[in-house]
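Comments concern the structure below.
The values are calculated or read from the model by the stated rules, or taken from the named source; none is laboratory data. Note that the coordinates shown come from a computational prediction; the quantities given were computed from them, not determined experimentally. Here the Cβ is made from the backbone with ideal geometry for all residues, glycine too, and neighbour counts use every protein chain on show.
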């Protein structure tokens, strides 16, 4: 049985290489990894197979005559590494993982920062929820690798009202031309970095809780109807949006429900759909006001657009009368089982919603909410009744 060592080689395979990894590499018959991983060890004269793809590595090992191979991984094998997938594919071999020094550990040491409370986000191939994560956590580490640059991130932070956070950008870490630059997001919108980058963002005033039932006057308003704060608070308890959820908000209006869903789904995405131009503009405005870059605003008819979106975990329908069936059918296509919540202010919409959900064999619950606020008239305080709303839940 071949012995396969999966070794983290730190930042550069030289000064950040651990003694254990160095010993394992020196004792291996063959070295495997991307060119950047294997290049520092070419002077050892070992057989080298250049590849970072799991399938290619496994195929090579199946045909390799050597008894011991070392697969080299950048940084640490447990930090956004291919080690987990590779090890699962090498079940027929004796495998050992040797940890290395990861990018956040190295960068924090350079900056004199503690990393045990760091929130980690990988931006390899995605733009993720950058602002939302920064707003929610005191310290965020971003591993870059796709098309997004540190300057793009700083511009986005400024666009969403988070220009004052402290940003540390690191590039070519541990190499002779290492670059670590610090400043506020507003100061670094034109920053240029060479090669692979990482960022640490410090927010000394993070959100301390997920807000529900945000007061109506905090939202930018227009002539578009808005779901009132008392109703939104109930909707939150019915929808039960989770951190990584994909949410559809059909008929987003001012975006008040989209914002509260996005605050809960900091690691997910909210698709806010409305055919009204003013509603879409208001939703975008409120998304920026509350730092919700995980809201995707889509202007158009929901029935025509939903098939192009990722399958939802949660669906809120606040403005699709006459098309509820089309929305529900698309959301539940292919065996998908989202939680669906619908609001209605007329008996016709109530009947339509209940009928559609029951036809999809969903468990249905109807709640009628009547809220009363106080208002001051002269020297007196009077009661001001809000319109009653039906909340219809559908669950599998």
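When each of 258, 252, 237 is tested for being surrounded by fewer than 20 Cβ atoms within 10 Å (Cβ to Cβ) and either over 20 Å from the mean Cα position of the chain (by Cα) or under 29 Å from residue 150 (Cβ atoms) (or both), the lone residue that passes is 237.
Being surrounded by fewer than 15 Cβ atoms within 10 Å (Cβ to Cβ) and either under 12 Å from the mean Cα position of the chain (by Cα) or free of Cβ contacts under 8 Å to residues at least 40 places away in the same chain (or both) is true of residue 114. Scan the range 1-16 residue by residue and report those that are farther than 18 Å from residue 105 by Cβ and in a loop (DSSP other than H, G, I, E, B). Once the filter is applied, which keeps residues that are farther than 18 Å from residue 105 by Cβ and in a loop (DSSP other than H, G, I, E, B), the range 1-16 yields 1, 2. Is it true that some residue in the range 129-139 is touching a helix residue (DSSP H, G or I) at 6+ places or on another chain (Cβ under 8 Å), part of a strand (DSSP E or B) and not assigned by TED's automatic domain parsing to the domain that holds residue 9? No, that holds for no residue. Considering (1) closer than 30 Å to residue 210 by Cα; (2) over 16 Å from the mean Cα position of the chain (by Cα), the lone condition that residue 97 does not fulfil carries the number (1). If you filter the range 72-104 down to residues that are outside any loop (DSSP other than H, G, I, E, B) and out of contact with any helix residue (DSSP H, G or I) (no Cβ under 7 Å at 6 or more places or on another chain), you find that the one that is farthest from residue 35 (Cα to Cα) is 94. The strands (runs of 3 or more DSSP E) falling completely within the range 275-385 that include 2 or more residues that are under 21 Å from the mean Cα position of the chain (by Cα) and either within 12 Å of residue 251 (Cβ to Cβ) or in the same structural domain as residue 250 (by TED's automatic domain parsing) (or both) map to 295-299, 314-317. Within the range 58-71, is even one residue assigned to a loop (DSSP other than H, G, I, E, B), on the phi > 0 side of the Ramachandran plot, at pLDDT below 95 and not assigned by TED's automatic domain parsing to the domain that holds residue 196? Checked the range 58-71: no residue is assigned to a loop (DSSP other than H, G, I, E, B), on the phi > 0 side of the Ramachandran plot, at pLDDT below 95 and not assigned by TED's automatic domain parsing to the domain that holds residue 196.
Within the range 197-218, the set of residues being part of a loop (DSSP other than H, G, I, E, B) and either touching a strand residue (DSSP E or B) at 6+ places or on another chain (Cβ under 7 Å) or surrounded by 19 or more Cβ atoms within 10 Å (Cβ to Cβ) (or both) comprises 203 only. Is it the case, given these coordinates, that residue 127 is under 16 Å from the mean Cα position of the chain (by Cα) and either over 29 Å from residue 83 (Cβ atoms) or surrounded by fewer than 16 Cβ atoms within 10 Å (Cβ to Cβ) (or both)? When the stated conditions are applied, residue 127 passes them.
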